[in-house]
Structures are given as C-alpha cells and as structure tokens.
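This report concerns only the one structure given below.
The values are calculated or read from the model by the stated rules, or taken from the named source; none is laboratory data. All values reported here derive from a predicted model rather than from experimental measurement. Don't worry about glycine lacking a Cβ; one is built from the backbone with ideal geometry, like all the others, and counts go over all protein chains shown.
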Amino acid sequence: KAGVTQTPRYLIKTRGQQVTLSCSPISGHRSVSWYQQTPGQGLQFLFEYFSETQRNKGNFPGRFSGRQFSNSRSEMNVSTLELGDSALYLCASSLAGTTNEKLFFGSGTQLSVL
Amino acid sequence: QKEVEQNSGPLSVPEGAIASLNCTYSDRGSQSFFWYRQYSGKSPELIMFIYSNGDKEDGRFTAQLNKASQYVSLLIRDSQPSDSATYLCAVRNTGGFKTIFGAGTRLFVKA
C-alpha cells in the first residue's frame, strides 16, 4: 500500500513568488492535514481538509491557502513568498480525521525562499 | 502558554538505560495523545498512542497519561543508539480536527 506522496521534494523560490505543493494521501484516507516545520518552531498546524472542506485552520496569514479535490488529493498554496516561509512542509493523512486517528506523514517538501 | 510543551533537550542516556520523555498540554478537552519519532532528515512516524489514564506498554515503549495533571510521558527501556531521534508529543481534542505537536525532545543514546 503506497504511503503519503508529496511533490515536489525540493523547491527554491524567490521572495514575492508563489508556490503550490501537492499531497496524495494513502488510498482510502479522506483527511489531509498540512504542517510547517522549522528548527525553531517545530511542527505548526496549517489546515485540515476532509471531503473537500476545510475543517480547521491554524494561525497563519491568508497568504497560505489550500484545497482538496474529490479524490482526496490536496494542494497548498503560498502567495507572495517571504524569507520566513522557508521550511519543511509536511502533509499527513488519516482515514476520516476523527479524534483517535493517527497521522501518516509524507516525506515533505523542503521550500527555500531566497 | 504553548498548547503542548516539551523539554527540547538534548537528553543523553547511555545504551541500555531508560529514557524518560515528558510532555504537558494546556487544553483539558484533549482526548488523544500520541508520540511520534522523527529521525534527522525524515518525516515523523507514530510509535505510541494513548487515550485513557494510566500506562500503555508496547515492547520497549511505555506511554503514561495523567489527564488530571495534563501530563503525558514516554519511557524507552533498554535504550539503543538507534533510538537517537527527536520525539514529538502530539495532542488531539474532540471535534477539533487538528493534532497539535510539541517542539520535540532530542534524544541521544550513547553506545
């Protein structure tokens, strides 16, 4: 059974540009969560999607957005990139995102903003 | 106050010793508690989960939960150099549709 797939693995962008990251969850998983990981802040929750609906959002500016498609694949977009957006972006999937469910992480997308 | 707090470490223990990792959380409505292990350059992987007060054992790992004190811990018995990693405590509340992570504790097991 394939795991969570994130593409691309690495990205280099310059300030002001925008970027789109993709995540394909484990087959049958319908909940997708996104996290930003930096050395100083750890894993910060961005948002969670289930059945194409955003159910929760973390404390990030509106430049960070996401969506989920009918096949449960998800994308996140960051517009007007800033240097501070350089981070590892992790996607995690679970069956339905209920209370007791465990998260399964992808390998992440390492974003560098120059 | 952070929602999930962990000592960042590093925690250094000799091979064969017991490593004790601790975590506190602020939301009393939290229902599910997880420990993830993250090796350098890799993504987090689940190693333990606990939902009820008390202890839960799985091989060399024991998770402990005290909801009254809002405290979760992970014990690793017979620590091995391969256990050297960052351990992330994670908490999920009912209906919140989000899992909140602590900043992680770096563990070094010396051979």
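A few points about this structure:
- Among the residues of the stretch B:40-95, those identified as of a type in the set (Asp, Glu) and either free of Cβ contacts under 8 Å to residues at least 40 places away in the same chain or on the phi > 0 side of the Ramachandran plot (or both) are B:Glu45, B:Asp55, B:Glu57, B:Asp58, B:Asp78.
- For B:Asn93, the test of being surrounded by fewer than 20 Cβ atoms within 10 Å (Cβ to Cβ), touching a strand residue (DSSP E or B) at 6+ places or on another chain (Cβ under 6 Å) and under 26 Å from A:Leu46 (Cα atoms) is passed.
- B:Ser82 fulfils the conditions (1) surrounded by 14 or more Cβ atoms within 10 Å (Cβ to Cβ); (2) more than 8 Å from every other protein chain (Cβ to nearest Cβ) except for a single criterion, (1).
- Count - residues of the stretch A:65-82 that are among the hydroxyl-bearing types (Ser, Thr, Tyr) and either closer than 28 Å to A:Thr99 by Cβ or without any contact (Cβ under 8 Å) to a residue 12 or more places away in the chain (or both): 4
- Taken over the stretch B:56-111, the residue count meeting the criterion of being of a type in the set (Val, Ile, Thr) and in a loop (DSSP other than H, G, I, E, B) is 1.
- Check on B:Leu21, more than 13 Å from every other protein chain (Cβ to nearest Cβ), over 28 Å from A:Ala96 (Cβ atoms) and either in contact with a helix residue (DSSP H, G or I) (Cβ under 9 Å, 6 or more places away or on another chain) or crowded, with 20+ Cβ neighbours inside 10 Å (or both): yes
- All strands (runs of 3 or more DSSP E) inside the stretch A:1-64 with 1 or more residues being of a type in the set (A, V, I, L, M, F, W, C) and touching a residue at least 24 places away in the same chain (Cβ under 8 Å): A:10-13, A:19-24, A:31-38, A:42-50
- If you go through the stretch A:23-46 and pick out every residue that is over 21 Å from A:Ser86 (Cβ atoms) and crowded, with 22+ Cβ neighbours inside 10 Å, you end up with 3.
- When the residues of the stretch B:4-18 are filtered to those that are part of a strand (DSSP E or B) and more than 11 Å from the chain's Cα centre (by Cα), the one that is farthest from A:Arg9 (Cα to Cα) is B:Pro14.
- On the stretch given as the stretch B:30-42, residues that are surrounded by 12 or more Cβ atoms within 10 Å (Cβ to Cβ), part of a loop (DSSP other than H, G, I, E, B) and modelled with pLDDT under 95 total 1.
- Summed over the stretch B:24-59, residues that are among the acidic types (Asp, Glu) and more than 14 Å from chain A (Cβ to nearest Cβ) total 2.
- Count of the stretch A:68-78 residues which are in a strand (DSSP E or B) and surrounded by fewer than 16 Cβ atoms within 10 Å (Cβ to Cβ): 1
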